[in-house]
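K.L.:
The structure is given below, and queries will be raised subsequently.
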Amino acid sequence: MSNVLSIFVLGVSYGLILFLLATGLTLTMGLMRVVNMSHGAMYMIAGYLGVTVFKYTGSWILGILAGFALAAVLGLLLEVGFLRRLYNKPTNQVLLTIGFINIINNVTQWIWGGFPLSTPVPKILNHSVAVGSVNIPVFRFFIIGFGIVMAILLWLLQDKTKIGAMVRAGMDNGEIASTLGLNNKVLFTAVFVLGSAIAGFSSMIGGVLTGLHMATSWEVLLNSIIVVVVGGTGSIQGALLGGIIIGLVNAFGTAYFPSIASFIIYLVMIVILVLRPTGLLGRKMDINRASDDGIKKTGTVSSSTLYLAERLSAAGGKAKFTLTAYRGVPYLFAAIVLFVLPAFMGTYSESMMIRVLIFALFAMSLDVIMGYTGLRSFGHAAYFGMGGYVVGLLAKHANITSFWAVLPITLIICAILAAIIGYFTLRTTGTYFLMVTMAFGQLLYVIATKWYTFTGGTDGLTGIPRPNLGFAIEWNSTKLYYFVLIIFLICYYILHRFMNSSWGRAMVGIRENEGRMRSIGFNTWALKYMGVIVAGAFGGISGLLYAYAYGTMVPGNFALETSAMPMLMVIMGGGATLWGPALGAMVIVLVQNYSGILMPDRWPLILGIMYVLCVMFLRGGFSHYLRKLWDKVGSRVLGKYAKAEPDAVKNVGEELVS
Amino acid sequence: MTILKVENLTKSFGGLQVLTGVTFDVKKGEKLALIGPNGAGKSTLLNAIGGQGLAKSGNIEFNGKTITYLSPNKRLKLGLGRSYQANNLFWQLSILENVLLALHGSDKSHFQMFRVLEKRKDLRAEAERLLSLVNLWEKRHEYPPILSYGEQRLLELLLAFTSKPDLVLLDEPSAGLPTAQVGEFTETLRELAKDTTLLFCAHDMDLVFNLSDNIMVLYYGTIMAKGTPQEIAANPKVREIYLGSEAVSNI
């Protein structure tokens, strides 16, 4: 009995810390539709500073205040300096804050050396009380008291003050609230800073339970996101309920089912998602509000070129040939370069190019749902990891190494995985979709880590053999490069056909206007479901190639960082094209490679800065600029025919540019 | 022959009762106009029939099938199209693609994953026919945002007719059009809806009286009157609603 009490106290105290963290998330999400991914990172760095201040001054209170101040300042900086310019661009906001995780983590590591810190407890609270046969640390009761006081204060702020009324009005309908004279900008900043400050304030206290180390940023973020999904967005009560449920489930799970404890909270989330997709106390999310994505909506490539095709085929002969050449040359050129490249490269560059191709395929597969369909998935690593793990597990447990067996098995398993994940995640839209896919990706990470006998745990799978193609082949980096290249090109071709088909066009229609798609007869759910499966299957192939190329799969291949990477590649290269994300993949892999040589410890910082620069300045991605450039070339070349056959192709050049 | 049968439809938003026991029929080929003051529940009624906002209770029967809680895409398959009060287009797709997509929507299968939409000859021919009706074929490669408001309105209308539906719901088809254009717009609409049953709501009385065979008056969620345009024009209660009770007593 006393044991149960001890677990209960632990669960409630942990739940209240989660509540305090989730409050900041839920408020900004409800009010501004912003998911602040760096919320956990702010908590972590505030904790690091707090502990350090405590060490030098000996004052616990000063430590807490230092953490509080740091998080508030960071929140202010992030909101005013960056987020404010990205309202209504949810993808960009997410990537920006992911960038900040990288930056904050790396700076923390730079300053503090990356060691976990032990969080101090003030002397007066640093003892235990005996309850029956077990001792319960007094500090846990202090945390509960602190959490309850904060909950009451926040509830009063929300329900009894003018600011709270403004926040609630803004959540219900931001546009109308702003026409009524509520200054959204100031309100948004205030709420954002409040959320960050609460996280900073709780970090010294909560650090006792959550730990303070480099992984805290992600762990804490993930658990508070699960709390938000369970409790529902936009209300402090929801965060409180969700926090306590998750806290208790976590505590009792760890005590009674230690081997599957970290699995159970995901199970709770999935059950809630099935029964109540908006969370237990959630407001209905207004899905139409955050519509303008960071993805530059370039529409469809075909339209302008189709126009040309019509007019030039009327002109016939040479003009038609030139048009075909104009459209085909970049692809042909790229393919030729990729084929002859090994002649000019050493082993090192070849392995780098292999990495480029693998990540290009990974990013392209994400783009099927992200760029074309407008579904922001933050769990795409699930398929990448699964693809690779299937290859490794087949070799390890079933001794199946034949590529011709492994490929279809991997494809089928990844498609089934996508079908399962899609079934649950497509109940949600927008920001919710992002969070739920994230949790599903993490679920696989947990399984890969914990199921030691099957997956090799944190050590992962090593010694995955090179593909067995059925004939004797002595693998070297050149042959491997060609192997990867051929699969890449086949996948590119299939994806290209998919995305330019009637189905692909319908996916763009969903991105543009899902409601209308339904009223002109499309079952949009089924179309999206197919999109998730296609994206999952091709993501799986990229994982398969990775396993073959590197011979190793580790749980990190499922991790959130792996999911974030292709998102950046899509945004950097330009969504709703296939070659854009491929280009983004190339840039990122190359930068990673060279920064790894020049300053290996600062790669996350550089990556973080790349995230920030990309979302702040690169509107539409590289592909947007390159296409403009190429259209200028086209207008020159094709313009000639306008002179020769003025009626058929008049003004073709101008139309291309426009 | 009755094509649409609405029985005892109720709908409320929170505590606000918007539709109370609405019951009416639409006959095949009929052009039925739905009028009423702002907030009468016209759009709510159309949404309940179109599937954009489901009714709380009651029954909707279309072509002999109950559709009360069916999804919009299934309603379309049964022959029910609709247009919106605000232009609700695919802004980043060309005009041709807008129409092709709508035509594709009434296809049997939506999973043609290798065929290119723009190259489907059957759909293109139909798109040409439809776009020519509204004089937009020449502009087929333009994007909706550069069209004039009137042209956008026509495209909006067209998307509701692409599936050759038996019944089309139109929510304020002429909304926002300058008075000078309404006459021409009405003619185009009449041409498009030649063989189709129409249920439309409108504030523009010229359009209503020009197009409709029958008019139904909705007032705070209940049907107050239904009849031919002449009957409605002569109905004292309708006059009271539209002109205000004082004005009527003055007359």
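The values are calculated or read from the model by the stated rules, or taken from the named source; none is laboratory data. Worth saying up front: this structure is predicted, and the values here are computed from it rather than measured. In this analysis, Cβ positions are derived from the backbone assuming ideal geometry, glycine residues included, and neighbour counts consider all displayed protein chains. Quick note on the areas: whole protein, heavy atoms, side chains included, nothing else; ligands and nucleic acids left out. Shrake-Rupley method; radii C 1.70, N 1.55, O 1.52, S 1.80 Å.
K.L.:
So, in nm, how far is label A:Leu62 from label B:Tyr220 when the simple model puts each one 7 Å beyond its Cα toward the Cβ?
P.N.:
7.0 nm
K.L.:
Got a sec? Charge dipole of the protein assembly as shown, +1 on Cβ for Lys and Arg, -1 for Asp and Glu; which of A:Thr562, A:Leu366, A:Ile336 is way out at the positive end?
P.N.:
Selected residue: A:Ile336.
K.L.:
Next question. From Cα pairs below 8 angstrom and at least 6 apart in sequence, can you work out the relative contact order of segment A:303-631, rounded to a whole percent? Let's see the in-between values first.
P.N.:
Values: 466 pairs, mean separation 103.1, N = 329.
Worked out over segment A:303-631, it gives 31 percent.
K.L.:
Let's see if you can work this out: charge +1 on each Lys and Arg Cβ, -1 on each Asp and Glu Cβ, no other charges. What is the dipole magnitude of segment A:115-202 about its Cα centre, in debye to the nearest 20? Don't skip to the answer; put the middle values down first.
P.N.:
Working: 6 positive and 3 negative charges, 48 e Å.
In debye, rounded to 20, segment A:115-202 gives about 240.
K.L.:
Rounded to the nearest 20 Debye, what is the dipole magnitude of chain B about its Cα centre when Lys and Arg each give +1 and Asp and Glu each give -1 at the C-beta?
P.N.:
Dipole size: approximately 920 debye.
K.L.:
Hey, if you put +1 on the Cβ of every Lys and Arg and -1 on every Asp and Glu Cβ in chain A, which of A:Phe8, A:Ile571, A:Thr26 ends up farthest toward the positive end of that dipole?
P.N.:
The Cα lying farthest towards the positive end belongs to A:Ile571.
K.L.:
What does the accessible area of A:Ser259 come to, in Å² to the nearest 10, when a probe of 1.4 Å is used?
P.N.:
Surface open to solvent at A:Ser259 totals about 90 Å².
K.L.:
Could I ask something else about it? With contacts defined as alpha carbon pairs under 8 Å and 6 or more residues apart, what's the relative contact order of chain B in percent?
P.N.:
Numbers: 431 pairs, mean separation 66.3, N = 251.
Rounded, it is 26 percent for chain B.
K.L.:
Additional query: Taking the Cβ-Cβ separation of A:Ile494 and A:Ala215 as r and a Förster radius of 35 Å, what is the calculated FRET efficiency to the nearest 0.05?
P.N.:
Numbers: r = 38 Å, r/R0 = 1.08.
Step by step, r from the Cβ atoms, then E = 0.40.
K.L.:
While we're here: Under the classification rounded if a/c is under 1.5, otherwise prolate if a/b is larger than b/c and oblate if not, where does the protein assembly as shown fall, given a ≥ b ≥ c as square roots of the Cα gyration tensor eigenvalues? All intermediate terms of the calculation are to be shown ahead of the outcome.
P.N.:
Numbers: a/c = 2.06, a/b = 1.25, b/c = 1.64.
Taking the square roots of the gyration eigenvalues as a ≥ b ≥ c, the protein assembly as shown is oblate.
K.L.:
How high is the relative contact order of chain A, in percent, with contacts defined as C-alpha pairs under 8 Å that are six or more residues apart? Each step should come with its number before you reach the end.
P.N.:
Numbers: 1106 pairs, mean separation 129.4, N = 658.
Once normalised by length, the contact order is 20 percent.
K.L.:
Another question, then. Using only atoms on other chains, find how many Cβ atoms lie within 10 Å of each Cβ of peptide B:134-142 and report the average.
P.N.:
Details: counts 0, 0, 0, 0, 0, 0, 4, 8, 3.
Other-chain Cβ atoms within 10 Å of each residue's Cβ, averaged: 2.
K.L.:
Taking a point 7 angstrom from the Cα of A:Ile163 along the C-beta vector, which residues in segment A:4-47 have backbone N less than 18 Å away?
P.N.:
A:20-32, by backbone N distance to the label point.
K.L.:
Once you place label points 7 Å from the Cα toward the Cβ at A:Arg619 and A:Phe141, how far apart are they in nm?
P.N.:
For A:Arg619 paired with A:Phe141, the spin-label model returns 5.9 nm.
K.L.:
Return the average number of partner chain Cβ atoms within 10 angstrom of each residue Cβ along peptide B:89-96.
P.N.:
Values: counts 3, 11, 4, 12, 10, 7, 1, 3.
Per-residue shielding by partner chains comes out at 6.
K.L.:
State the percent of C-alpha pairs, over all pairs in segment A:404-493, separated by a distance greater than 22 angstrom. Let's see the in-between values first.
P.N.:
Working: 2090 of 4005 pairs.
More than 22 Å apart: 52 percent of the Cα pairs in segment A:404-493.
K.L.:
Another one. Mind pulling the angle between the C-alpha long axis of helix A:430-450 and the longest principal axis of chain A? Nearest 10 degrees, somewhere in 0 to 90.
P.N.:
Result, in degrees: 80.
K.L.:
Here is a further query. Quick one: of the DSSP bridges fully inside the protein assembly as shown, what percent are antiparallel, nearest 5? Mind showing how you got there, number by number?
P.N.:
Details: 27 of 45 bridges.
The answer is about 60 percent antiparallel.
K.L.:
Filter the trypsin sites (Lys or Arg not before Pro) in segment B:21-124 to those in DSSP coil with at most 16 other Cβ atoms within 10 Å of their Cβ, and list the result. Working shown, then result.
P.N.:
Details: sites: B:Lys27, B:Lys28, B:Lys31, B:Lys42, B:Lys56, B:Lys65, B:Lys74, B:Arg75, B:Lys77, B:Arg82, B:Lys108, B:Arg115, B:Lys119, B:Arg120, B:Lys121, B:Arg124; in loops: B:Lys28, B:Lys56, B:Lys108, B:Arg115, B:Arg120.
The qualifying sites are B:Lys28, B:Lys56, B:Lys108, B:Arg115.
K.L.:
Note down the net charge around A:Lys479, summing +1 for each Lys or Arg and -1 for each Asp or Glu among other residues with Cβ under 14 Å from its Cβ.
P.N.:
Numbers: positive: A:Arg466; negative: A:Glu350, A:Glu474.
Residues near A:Lys479 contribute -1 overall.
K.L.:
Ok, one more. Out of A:Thr254, A:Gly75, A:Ser38, whose Cα points farthest toward the positive end of the dipole of segment A:2-287 (charges: +1 Lys, Arg; -1 Asp, Glu; placed on Cβ)?
P.N.:
Most positive-ward Cα: A:Gly75.
K.L.:
To the nearest 10 degrees, how steep is helix A:39-57 against the longest Cα principal axis of chain A, on a 0 to 90 scale?
P.N.:
Helix A:39-57 sits roughly 40 degrees off the main axis of chain A.
K.L.:
Helix-derived [θ] at 222 nm for chain A: sum -39500 (n - 2.57) over DSSP H runs of at least 4, divide by residue count, nearest 500?
P.N.:
Values: 28 runs with 485 residues, N = 658.
Result for chain A, helices only: -25000 deg cm²/dmol.
K.L.:
Round to the nearest 10 and give me the degree value, 0 to 90, for the angle of helix A:317-340's Cα axis relative to the longest principal axis of chain A.
P.N.:
Between the helix axis and the principal axis of chain A, the angle is about 50 degrees.
K.L.:
Right, something else. So, with +1 on the Cβ of K and R and -1 on the Cβ of D and E, and no other charges, what is the size of the charge dipole of the protein assembly as shown about its Cα centre, to the nearest 20 debye? It would help to have the intermediate numbers written out before the result.
P.N.:
Details: 71 positive and 49 negative charges, 168 e Å.
That gives the protein assembly as shown a dipole magnitude of about 800 debye.
K.L.:
Once you mark the chymotrypsin sites (Phe, Trp or Tyr not before Pro) that are in a DSSP loop and have at most 14 other Cβ atoms within 10 Å, what is the longest gap between them in chain B? The partial results should precede the final answer.
P.N.:
Working: sites that count: B:Tyr69, B:Phe111, B:Phe114.
It runs B:115-251.
K.L.:
So what does B:Asp122 come to for accessible area, using a 1.4 Å probe and Å² rounded to 10?
P.N.:
90 Å²
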